[in-house]
Each structure stands twice: as C-alpha cells, then as structure tokens.
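Engineer: Okay, handing you the structure first.
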Amino acid sequence: MASSEGELKIAVAGVGGAGCNTINRLARFGISNAKLIAFNTDKKHLGLVHESAERLLLGPSVTKGLGAGGFPEIAEKAALSSKAKIESLVSDCDLLFLTSGMGGGTGTGASPVIAEIAKDQGAVVFGFVTYPFNIEKARLKKAEAGIDKLLEFVDSLVIIDNNRLVDYAPNLQIEKAFELADEITSKAIGGISQTITEPSLINIDYADVKAVVTHGGVSMIAVGRGAGIDRLDLVVKSTLRNKLLDVDHEGSEGVLVHLTGGTDLTLGDANQAGELLTEKVNPNANVIYGARLEPGMEGAIEAIAIFTGLQSKYNLGKRKPIEKIEF
C-alpha cells in the first residue's frame, strides 16, 4: 500500500541499462527527496550503479545475472520471478517515475511488469522512455511493442524519440546523444520531484501532478532555454520548437511546466512563461507549473514542458530540425 496521508513518498525506478544510467545521473545530482531504485538482469552493470540507490538483480535464476540478451520475453520472465522483491521496494510509493530505454531486452520486457506491480499497490506511475535511432533497426519493432505494452500499466508515458535529437547537432556522437536524452529525463524527474517536496518560487502540488498524469496516456516533452534581455520570449519559442516527439501538442488534455531560473526570475515572469507555453492547448486542459531558483542561472531561464493526454497518433522515428539544447 502507498504511504499514509501527509507522508508523500516519491521513487525513481531505472530499468535496464538506460534506466540505470538515469539513476546514476540523479544520484550525482544529489537528489534527496526520492528513493532511487535500479533494476537490471545484468549483475555486472548493476554493480556500477551508485551506492545511494537500492539495487535489485531481476530473475537471477532465469538469466544467471548475465542479462536478457536483448530478448524482452526473458526480461519479463525474470521480473515476474522477482515479483515479491519488486513489491517490497515499491510498496510505500505514492509517485513512481519509471525510466528505461525501449528496444533492448531488460527495459522493454521488465518495465511493464514493474509498472503493473507499482500500480497495483496504489502508486501513480509516470513513465519516461526513449525510442531508438532509426539506424538501430533490430530494436525498432521491439521498442514499439514495448511502448504499447507499457502504456497499459502507466498513468502517463513520456516518449523521447532519439531521432529528434539528430538535428540538434549533426556531428553529435551517438553516445553523446544518449547522454543528452538521459540528461533531459534526469532534469525533468529531478526538477519535478524537488518542486513538489522543497520550497520553491512556485511549488507544484502532488495532487495537481496526480490529476495531470493520471490517465494521461502518451505524453510529449519539450525543452528550451532563453538568456539575456529577451529570455522570456526566447525560452517560450525554443521550448515550443524543441519537441522530442513528432506530435501535435495543441490537443493536450494536461500540461506540466517546470521552469528554472536565477534569483532574478520573478513570479510575473514565471506566470507569463507558463501562460505562453500553454495558450494553444485544449481550453479545458489541466495546466500546472512550478518554478525553482538555482544559483548561477541569473539572466537565463530553462523550461521543461510535458504535454499529456495527446490525442494524435505519435509518429516515431520522424525528424524535424530542432534548436541546440544547452543544459
């Protein structure tokens, strides 16, 4: 069962190699308001996870700790064999951020199992997954099947299409692109968690997050940054251009906006940015936004906008030019 009233518990579950990388990044950020949990079928990779995170080797009797070999069905079997231990790790969780890469074995196969277990125990499950580059041909069909299955068990699923990062920097090495997608996920999860649990310029209430995320289905994340005298206008324009899934956001039924700025960020600026970022969504959309102040950010604003309840069919693997994203 989830925690009792007044004792909000947030956890981040990283599943497979990509998910565990996100856990490591969040641990390096020094996040203290969420329990970090790493799940993997690969014992060696799990051993590289930061010591501040709880770790669970899935299905050692199934994989012998050697990984799922790229087979989602093996990872699913491994996760099911570890159901009792998974239940124990997520038993008191109110909000679970689940992050993984789609297209491989462990993330694709085990994520739906973990999401279903958390949901059955009363958690709101907010998924963040990446979709492979088109050149990773063997992974594409597995990724789409994994996304379809995961959608059955999460409240909302943010899909980051790696192909949308290609035009960010044409000469960007694939490894760096993976790091960028991971950093975007980490910043979104870390920022939302902190703004729920810690004093901020504008706090996000857990009940509001729950209302936006629940039954949100496919979700899209957009990121942007503005600096200088026109930073407010620039951050809005760049965020609306830098959509990491090829889908029309104007039909969104819910929007979660998170802003980060320096000590010169005012309530007026934050309110105006939130209004401009959401002015074209469904008039009845549930919109919430929060803002945090961060030392060293003077003169700049970063925005992360998550649009939930998208009605359009998402177009995976599509590329449209986006601006350079700097974090």
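The values are calculated or read from the model by the stated rules, or taken from the named source; none is laboratory data. Just so you know, these numbers come straight off a predicted model, no measurement behind them. Every residue, glycine among them, receives a Cβ derived from its backbone with ideal geometry; neighbour counts consider all protein chains shown.
Engineer: What pairs can you find where one residue is in segment 195-224 and surrounded by fewer than 18 Cβ atoms within 10 Å (Cβ to Cβ), the other is acidic (D, E), and their Cβ atoms are less than 8 Å apart, with a gap of 6+ or different chains?
Structural biologist: Taking only residues 6 or more apart or on different chains, the pairs are Y206/D94; T214/D155; H215/D155.
Engineer: Follow-up. Looking at segment 121-128, can you tell me whether even one residue there is under 19 Å from the mean Cα position of the chain (by Cα) and in a loop (DSSP other than H, G, I, E, B)?
Structural biologist: yes
Engineer: Among the numbered criteria (1) among the aliphatic types (A, V, I, L, M); (2) modelled with pLDDT of 90 or more; (3) not in a loop (DSSP other than H, G, I, E, B), which single criterion is violated by I184?
Structural biologist: Every listed condition holds for I184 apart from (2).
Engineer: Condition first: surrounded by fewer than 18 Cβ atoms within 10 Å (Cβ to Cβ) and touching a helix residue (DSSP H, G or I) at 6+ places or on another chain (Cβ under 9 Å). Now tell me which residues in segment 72-90 satisfy that.
Structural biologist: Initially, segment 72-90 is screened for residues surrounded by fewer than 18 Cβ atoms within 10 Å (Cβ to Cβ), giving 73, 80-81, 83-85, 87-88.
Result: E73, L80, S81, K83, E87.
Engineer: Take the residues in segment 153-181 that are out of contact with any helix residue (DSSP H, G or I) (no Cβ under 7 Å at 6 or more places or on another chain) and at pLDDT 85 or above, then tell me which one is nearest to I114 (Cα to Cα).
Structural biologist: Here the residue is V158.
Engineer: Give the residues of segment 29-50 that are part of a loop (DSSP other than H, G, I, E, B), within 22 Å of the chain's Cα centre (by Cα) and either β-branched (V, I, T) or surrounded by fewer than 20 Cβ atoms within 10 Å (Cβ to Cβ) (or both), sorted by residue number.
Structural biologist: Correct list: G30, I31, S32, N33, T41, L48, V49, H50.
Engineer: I'd like the full set of residues that are over 14 Å from L98 (Cβ atoms) and either small (G, A, S) or surrounded by fewer than 20 Cβ atoms within 10 Å (Cβ to Cβ) (or both), limited to segment 140-160.
Structural biologist: Those that are over 14 Å from L98 (Cβ atoms) and either small (G, A, S) or surrounded by fewer than 20 Cβ atoms within 10 Å (Cβ to Cβ) (or both): L140, K141, A143, E144, A145, D148.
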